[in-house]
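The values are calculated or read from the model by the stated rules, or taken from the named source; none is laboratory data. Predicted model, so just to flag it, every value in this text is computed and none were measured. Neighbour counts run over all protein chains shown; Cβ positions are idealised from the backbone, glycine included. Heavy atoms of the whole protein, side chains included, go into the accessibility calculation; ligands, DNA and RNA do not. Shrake-Rupley method; radii C 1.70, N 1.55, O 1.52, S 1.80 Å.
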Amino acid sequence: MITTYIANFDILGYKDAILNTPGEEFKFRLDHVLRDIEFSLSLDATVGDDRGFIVADESRYITNFHYISDTIIFWPRSNSVEDVKNWFLVCCKFTRKMFVHNMPSRGCLYFGEFYELSIMRRQDDRVKKAVATMSGHALVLSHLKAENQSWGATVVDDSVVQAFRFNSDLDHLLDERCTEEMVPYKLVPTKQKKEKVIRFIQDEEHSDNAFEFYKSWIEDVFAHDNRNVDNPRVKQILDNTIELLRRQLETRIVL
């Protein structure tokens, strides 16, 4: 068991998307999620493959990830400043990619105890044996906090904020890449305070009509894969997400 950073993301409306979308079409959509994970891990560095396609440059990967079903988890290979900074920037990239042109998700960045064990073996060409198990308080608490949010966004738990405060090379990332928000929770914590939330839009200039532009993209993302956006709970999450976008664009920082 180690004490480290973990980012836990949950795809919204996953069950309904599976049930309401033809299998081959949904498989294509999951390939898009993997694509966005890979480009996030490379921080958008690309190479050409043997087929002539532009793909993520795997030589740039230094953050670990686990992707199964509706869950995506990122954690750094070590707690060095370089590795933790890369992990944080990967989470920022992934947040933006999912919400602008893929699937709605919500996430939580956490610092605490975490353990991971992965084994992959293939017995001749017929049987694949895979073990991927995880444990630790950080795994559970990051999942619960992500799932408790009533919007599609990525919250940075105070455990990460406090850990970053001890290093000036990391601390500035929170001010540059996040806004402070009163997070809408299903179960509201006692004495709730504002928390750091990763910006949807970063490293970009914004035109005067940026809000309407990105709002339409987020609405499309929520409606994709035949999700029921008329459901009151879905509409609440969508409305809260759009309101967050509006506030973040009003306080935007171009890096």
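Ligands, DNA and RNA left out, the accessible area of the chain computed with a 1.4 Å probe is 52% carbon and sulfur. Only protein heavy atoms count here; under a 1.4 Å probe, residue 77 has an accessible surface of about 140 Å². In this rough spin-label picture, where each label sits 7 Å from Cα along the Cβ direction, the residue 193-residue 208 distance is 4.0 nm. The residues 69, 168, sorted by heavy-atom accessible surface at 1.4 Å with ligands and nucleic acids left out, run 168, 69 from largest to smallest.
Between the amide H of residue 154 and those of 107, 198, distances stay under 5 Å, these residues lying 5 or more places away or on another chain, with hydrogens modeled in the peptide plane.
About its Cα centre, segment 1-111 has a charge dipole of approximately 300 debye under the convention of +1 per Lys or Arg Cβ and -1 per Asp or Glu Cβ, with nothing else charged. When 37, 18 are compared by accessible surface with a 1.4 Å probe, the order from highest to lowest is 18, 37.
Rounded is the label for the chain, because the ratio a/c of its alpha-carbon gyration tensor axes (a ≥ b ≥ c) stays below 1.5. For segment 145-255, the gyration tensor built on C-alpha atoms gives an oblate shape. Its axis ratio a/c (a ≥ b ≥ c) is at least 1.5, and a/b is not larger than b/c. Computed from phi, the 3J(HN,Hα) profile of segment 106-114 under the Karplus parametrisation 6.51, -1.76, 1.60 (θ = phi - 60°) reads 9, x, 9, 9, 9, 10, x, 6, 8 Hz, with x in place of Gly and Pro.
A dipole drawn for segment 49-93 from +1 and -1 charges on Cβ atoms has a positive end, and of 52, 87, 68 the residue lying farthest that way is 87. Taking label points 7 Å from Cα along the Cα-to-Cβ direction, residue 172 and residue 217 give a separation of 2.6 nm. Ordered by 1.4 Å accessible area with all protein chains kept, 119, 73, 2 run largest first as 2, 119, 73. How big is the charge dipole of the chain about its Cα centre, in debye rounded to the nearest 20, if each Lys and Arg gets +1 on its Cβ and each Asp and Glu gets -1 on its Cβ? Dipole of the chain, to the nearest 20 debye: 740 debye. With 29 Å as the limit, the listed pairs 15/145; 97/186; 191/215 have 191/215 beyond it between alpha carbons.
Placing dummy labels 7 Å off each Cα toward the beta-carbon, the span from residue 239 to residue 18 is 3.0 nm.
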